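There's a structure below that I have some questions on.
The values are calculated or read from the model by the stated rules, or taken from the named source; none is laboratory data. Everything quoted here is computed from the prediction, not taken from an experiment. In this analysis, Cβ positions are derived from the backbone assuming ideal geometry, glycine residues included, and neighbour counts consider all displayed protein chains.
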Amino acid sequence: MSARPAWLRSGRVVFGLSVVVLISLVALFAPWLAPHDPNEQTLLSTFLPPFWAKGGEAAFPLGTDSLGRCTLSRLIYGARIAMTVAIVASFGAMIIGAVLAHIAGYFGGWIDWLIGRTVDVWMSFPPVILSLILMVGLGTGLRNVILAIVLVDWTRFCRVLRSEVLVVTRRDYVAAARLIGFSHWRTITREILPATTPLLITLVSLEMGIAVIVEAILSFVGMSVGATTPAWGQMIADARQYIYDSPWNLVFPILMIFITVLGFNVLGDGLRRTLDVRLTETQRA
Amino acid sequence: MTSILPLIARRVLVSVVILFIVSALLFCILRLLPVDPAAMSLPPNATLAEIEAKRHEMGLDQPLFRQYLIWATQVLHGDFGTSIHFRRGVAGLIGSTLPATIELALLAMIVAGTLGIAGGLYLFHVRGSAMEPIADAGSIVLLSLPEFLWGLFFILLFGVALELLPFTGRLTAGFQRPVVTGFLLLDTLLAGRPDMFLNALKHMILPSLALGIAFAPTIMRVLRSSLLDVYQEDYIHQARLRGFSERHILLRHALKNAILPTLSLMGVQFGFLFGGTLLIEVIYSYPGLGNLMVDAVRNADLPIIQAVGLTYCVVVLTINTVVDAAYVILNPKLRIA
């Protein structure tokens, strides 16, 4: 027996976790890693290609954009926005979704009905449309992007977790806990929550990938953080305008978003396979 | 058969109720906005008294609930107000952009369905073989690519690098588009212009491929897992004992039963896909509902945002209702209920 827990022995988990940790470190140490200030403009050298292509300069390893800003530095600083949104927004959405799911699944009855119908109303909005409308109402800025994602995506947690809670609540040991005289609060936190936690962790990991995408979408249409904060979506919007001047500027932010989301998804998939004890052998395969 | 109708009627009723709640919600969110729609619809040199008069005219000095009632009544009469930015009727703007978005969504759904079912059959086919981990990893990679990254990737590859296909707008400049139904593909055919039809279709290949391919992996995975479930059933074993070929068992027995949850998921996906058209339209400068919405958002054009938001919800709710109804009709097990 290895000393490592089962979930750390899964190749998927290790791969996903490495990607996520690496990008988090880049975001954390951005001021030390970035060769330039992300907003510093060098108007004499706009649309530089990366250093390995013809005409590239070593001072700008991944080239420059339409205003002569360093692409690498902007990518590194963009990771800060992406990771902040990914972590804060998905935990926010998880907390609201999980609390409501446990209340709905445990108590059932009219409160379950009410929460269920609220989710129905929410789900009738396409997520992108709802987050755009929320951003119009709330105004741009990092705090509001996070708020908008939390307000849109709590339903993902609520819907999936509720049915899980429903199953767990019917188990004998939950009834036994009630018979011993556990309060509702204690039954939920001590008996039900441990059983739903694996699913919760998996969902958070997947949600982080979704949050990265939603932030990129919002900053692509200019409804995320302000123009002075570098974000990957913004870089894409800028590069899309000047696609013939420098296709490279489009390639790098796309790659960053893809790698980040892939990291979260592979991590989530690995966790699902290793943590969910009820998966049958056929599903695990 | 008689028991199906009440079920469907109930579902329609629920949708109508949801729509009312959604519209009220939409109205409240947009009233949080720090800008004053009255001041925005007047020239910048308007006096405070003029703004006040305009506020009164637009009903903005009334309580929120009254404002909502006024708006809802107008909407029910087909009056969505006037755009602050474009200075045109909102209903007309939606009428001229919605068909384009529907065309895009339908084409993308065909792409998603075809790729999804083919991919699902393939994933199922390679189960237990050496290809499985590779195919499985491939499907996770595909899941990680949202439609807008596909869209940009296709522009780079087929538009800029290979110069194979156009990636802006709907028609090459110089074509005079006929307007009969508003659906460009249909209109070009009705006008007897196959050259224009092909040109329009060419412009739609990249956007619909990008959108469809992003939604295919989910369909693949559901079809694969429902096929796996079906293969646990006794009748598959029995079919094998009767000597049917594996191909016959898969296509004639298993697929028939596994396709139902897949179709139901495709319905839900169609709702998401319809929302996904927004980004694809912006990326491909495709003149549909999504571009109208983003323009309106940038200009804080409230009447359009409200109306377009509502339009998206109506379409999604309609799709969900139709899918539910189809599910009841297709699934014999639900007919007794």
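Before we move on, is A:THR187 part of a helix (DSSP H, G or I), over 23 Å from A:THR118 (Cβ atoms) and polar (S, T, N, Q)?
yes
Okay, next question. Among (1) surrounded by 23 or more Cβ atoms within 10 Å (Cβ to Cβ); (2) without any contact (Cβ under 8 Å) to a residue 40 or more places away in the chain, there is one condition A:ALA59 misses while meeting the rest; what is its number?
Here A:ALA59 meets the rest and fails (1).
When the residues of the range B:297-313 are narrowed to those that are β-branched (Val, Ile, Thr) and facing chain A (nearest Cβ under 9 Å), which ends up farthest from B:PHE27 (Cα to Cα)?
Only one residue fits best here, namely B:VAL297.
A further question follows. If you scan the range A:206-232, which residues turn out to be more than 9 Å from chain B (Cβ to nearest Cβ) and farther than 22 Å from A:PHE91 by Cα?
Residues satisfying the conditions are A:GLY226, A:ALA227, A:THR228, A:THR229, A:PRO230.
Which condition from (1) buried (at least 20 other Cβ atoms within 10 Å of the Cβ); (2) part of a helix (DSSP H, G or I); (3) within 14 Å of another protein chain (Cβ to nearest Cβ); (4) modelled with pLDDT under 85 is the one that B:LEU149 breaks?
Failed condition: (4).
Identify the residue in the range B:285-305 that is of a type outside the set (Asp, Glu), in a loop (DSSP other than H, G, I, E, B) and over 21 Å from the mean Cα position of the chain (by Cα) and, among all such residues, is surrounded by the fewest Cβ atoms within 10 Å (Cβ to Cβ).
Applying the filter and picking the extreme gives B:ASN299.
Right, next: Sort out which residues of the range B:220-265 are among the basic types (Lys, Arg) and either buried (at least 20 other Cβ atoms within 10 Å of the Cβ) or over 15 Å from B:HIS125 (Cβ atoms) (or both), and write them in order of number.
Correct list: B:ARG221, B:ARG224, B:ARG240, B:ARG242, B:ARG252, B:LYS256.
Specify which of the listed residues (A:VAL136, A:VAL150, A:VAL204, A:VAL145) is out of contact with any strand residue (DSSP E or B) (no Cβ under 7 Å at 6 or more places or on another chain), within 26 Å of B:GLU281 (Cβ to Cβ) and modelled with pLDDT of 90 or more.
Just a single option satisfies the conditions, and that option is A:VAL145.
Provide a single number: the residues in the range A:1-42 that are at pLDDT 90 or above, under 19 Å from A:ARG74 (Cα atoms) and of a type in the set (S, T, N, Q).
Residues that pass the stated criteria total 1.
What is the residue count in the range A:80-93 for residues that are surrounded by fewer than 24 Cβ atoms within 10 Å (Cβ to Cβ) and aliphatic (A, V, I, L, M)?
Within the range A:80-93, residues that are surrounded by fewer than 24 Cβ atoms within 10 Å (Cβ to Cβ) and aliphatic (A, V, I, L, M) number 3.
Also, I was wondering about something else. Within the range B:227-243, can you find the residues that are without any contact (Cβ under 8 Å) to a residue 40 or more places away in the chain, of a type in the set (A, V, I, L, M, F, W, C) and in contact with a helix residue (DSSP H, G or I) (Cβ under 8 Å, 6 or more places away or on another chain)?
Matches in the range B:227-243: B:VAL230, B:ILE236, B:ALA239.
Something else now. For the range A:144-159, what are the residues that are among the charged types (D, E, K, R) and either over 15 Å from the mean Cα position of the chain (by Cα) or at the interface with chain B (Cβ under 8 Å from one of its Cβ atoms) (or both)?
Result: A:ARG159, single match.
Please go through the range A:77-130 and give me each residue that is assigned to a helix (DSSP H, G or I) and at positive phi, ordered by number.
Scanning the range A:77-130 gives a single hit, A:GLY109.
Now a separate question. Name every residue in the range B:277-288 that is under 14 Å from B:VAL315 (Cβ atoms) and either facing chain A (nearest Cβ under 7 Å) or of a type in the set (Ser, Thr, Tyr) (or both), in order of residue number.
Hits for the range B:277-288 are B:THR277, B:LEU278.
Further question: Can you tell me which of B:LEU42, B:LEU48 is hydrophobic (A, V, I, L, M, F, W, C) and modelled with pLDDT of 75 or more?
Result of the check over B:LEU42, B:LEU48: B:LEU48.
Looking at the range B:150-172, can you tell me whether even one residue there is of a type outside the set (A, V, I, L, M) and on the phi > 0 side of the Ramachandran plot?
Yes, the range B:150-172 contains at least one residue that is of a type outside the set (A, V, I, L, M) and on the phi > 0 side of the Ramachandran plot.
OK, next. Which residues, taken from the range A:112-142, are of a type in the set (Gly, Ala, Ser) and more than 7 Å from chain B (Cβ to nearest Cβ)?
Result: A:GLY116, A:SER131, A:GLY141.
Which pairs turn up if I take residues in the range B:5-28 that are in contact (Cβ under 8 Å) with a residue 40 or more places away in the chain and look for partners that are basic (Lys, Arg) and part of a helix (DSSP H, G or I) with beta carbon separation below 6 Å, at least 6 apart in sequence or on another chain?
none
Can you go through B:GLY159, B:GLY138, B:GLY169 and tell me which one is touching a helix residue (DSSP H, G or I) at 6+ places or on another chain (Cβ under 8 Å) and either without any contact (Cβ under 8 Å) to a residue 12 or more places away in the chain or assigned to a helix (DSSP H, G or I) (or both)?
B:GLY159
List the number of the failed condition for B:LEU273; all other conditions in (1) more than 10 Å from chain A (Cβ to nearest Cβ); (2) surrounded by 20 or more Cβ atoms within 10 Å (Cβ to Cβ) hold.
(1)
All but one of (1) more than 14 Å from chain B (Cβ to nearest Cβ); (2) buried (at least 23 other Cβ atoms within 10 Å of the Cβ); (3) closer than 20 Å to A:ILE87 by Cα hold for A:VAL165, so report the exception by its number.
Only one criterion is unmet by A:VAL165, namely (3).
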